[in-house]
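Some notes on the structure that comes next.
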Amino acid sequence: MTEYIPSPRDWVREQVELYEGSGGAEGVTLRETGLPVMIVTHIGRKTGAIRKTPLMTVKDGDAYVLVASQGGAPKNPVWVYNMRANPEVEIRDQAQVMKMRAREVTDDAERARLWEMSVAAFPPYAEYQAKTDRKIPVFVAE
Ligand code: F42
């Protein structure tokens, strides 16, 4: 069995434990915002270990949009590199668990459409983009 390495960040690790431990009944929103969170399970590109990353839930029909905002930090979150190396992911949206493939969105028009949708779902994404010089990577899991 592949090893699971929890996030080194306490609040992230605890959210994953509560979310998965309750079968998607608890810990499913981002703190005071009350907005929905999903858990993206993927594989570390160097360790080969299982990684679990909570992200805001952004839906485009049956597909999910993954926004690598990391609060507008100057660097990409490292899950971006894991997903570029291995696009096979599992998305947990509350009690629903789905195997999907994550594709980085490179087409400008498609990114613009998905970005607008992401900001509508989670308005702070707009502030995060304004805070950083990097163009925030966007993936779509389908
Ligand atoms: N982050 C976002 O970017 N967008 C969101 O919408 C978002 C929402 C959200 C909601 C709830 C919540 O609890 C957290 C949320 N976060 C959101 C934070 C998100 O879950 C991640 O913590 C954040 O994006 C940082 O991702 P990260 O992949 O950089 O994680 C760090 C903390 C981490 O785990 N680092 C590990 C470490 O040990 O330092 C490395 C993990 C790793 O994947 N290692 C790879 C491996 O091989 O195993 C190697 C990677 C490499 O190339 O070096």
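Nothing in this text is a laboratory measurement; each read-out follows from the coordinates by a stated rule. Just so it is clear, the model here is predicted, and its values are computed rather than measured. Note: ideal-geometry Cβ built from the backbone for every residue, glycine included; neighbour counts use all protein chains shown.
Ordered by packing density, taken as the mean number of other Cβ atoms within 10 Å over each peptide's residues, highest first, how do 61-74, 12-25 rank? Before the final figure, lay out the partial values.
Working: 61-74: 16.7, 12-25: 15.1.
Answer by packing, highest mean first, reads 61-74, 12-25.
With r defined as the distance between the Cβ atoms of Asp108 and Asn86 and R0 fixed at 25 Å, what FRET efficiency is calculated, to the nearest 0.05? Let's see the in-between values first.
Numbers: r = 25 Å, r/R0 = 1.02.
Calculated value: 0.45.
How many percent of DSSP beta bridges within the chain run antiparallel, rounded to 5?
Values: 27 of 28 bridges.
Roughly 95 percent of the DSSP beta bridges within the chain come out antiparallel.
Suppose a student asked you for the relative contact order of the chain, using Cα pairs under 8 Å spaced at least 6 residues apart; what percent would you report?
Once divided by the residue count of the chain, the mean separation gives 25 percent.
May I have the count of lysine pairs in the chain with C-alpha atoms under 16 Å apart, counting pairs 8 or more residues apart or located on different chains? Write out the running numbers ahead of the final one.
Values: Lys52/Lys99; Lys59/Lys99; Lys75/Lys131; Lys75/Lys135.
Qualifying lysine pairs in the chain: 4.
Set Lys and Arg Cβ to +1 and Asp and Glu Cβ to -1, take the dipole of segment 33-142 about its Cα centre, and tell me which of Thr41, Ala63, Ala112 lies farthest positive.
Thr41
Could you pull out which residues in segment 7-41 have an amide N less than 13 Å from a spot 7 Å beyond the Cα of Ile50, following the Cα-Cβ vector?
It comes to 7, 17, 20-21, 40-41, nothing else.
If you rank Met98, Met56 by fewest surrounding Cβ atoms within 10 Å, what's the result?
Details: Met98 14, Met56 20.
Lowest to highest Cβ neighbour count: Met98, Met56.
Which ordering of Thr29, Thr53 is given by a fewest-first count of other beta-carbon atoms within 10 Å?
On the way: Thr29 15, Thr53 20.
Listed from fewest to most nearby Cβ atoms, that is Thr29, Thr53.
Run lengths n ≥ 4 of DSSP H only: what is the helix-derived mean residue ellipticity at 222 nm for the chain, with -39500 (n - 2.57) per run over all residues, to the nearest 500? Write down the numbers at each step before the final one.
Numbers: 4 runs with 41 residues, N = 142.
Mean residue ellipticity at 222 nm (helix-derived): -8500 deg cm²/dmol.
Compute the signed sum of charges (Lys and Arg +1, Asp and Glu -1) over the other residues within less than 11 Å, Cβ to Cβ, of Arg45. Present the calculation step by step, with values, prior to reporting the outcome.
Details: positive: Lys46, Arg51, Arg84; negative: none.
Taking every Cβ under 11 Å from that of Arg45, the sum is +3.
Helix check for the chain. Which DSSP H runs span at least 15 Å along their own axis by Cα, with a mean Kyte-Doolittle hydropathy no less than -0.5? Don't jump to the answer; show the numbers that get you there.
Values: long enough: 10-21 (16 Å, -1.03); 108-121 (19 Å, -0.29).
Flagged H segments are 108-121.
By the scheme Lys and Arg +1, Asp and Glu -1, what is the net charge of all other residues having a beta-carbon under 15 Å from that of Gln70? Walk me through the intermediate numbers first.
Numbers: positive: Arg9, Arg51, Lys75, Lys131, Arg134, Lys135; negative: Glu127, Asp133.
Counting the neighbours of Gln70, the net charge comes to +4.
Treat the count of other C-beta atoms within 10 Å as a stand-in for reagent exposure and order Trp11, Trp79 from fewest to most.
Values: Trp11 10, Trp79 24.
Taking fewest neighbouring Cβ atoms as first place, the list is Trp11, Trp79.
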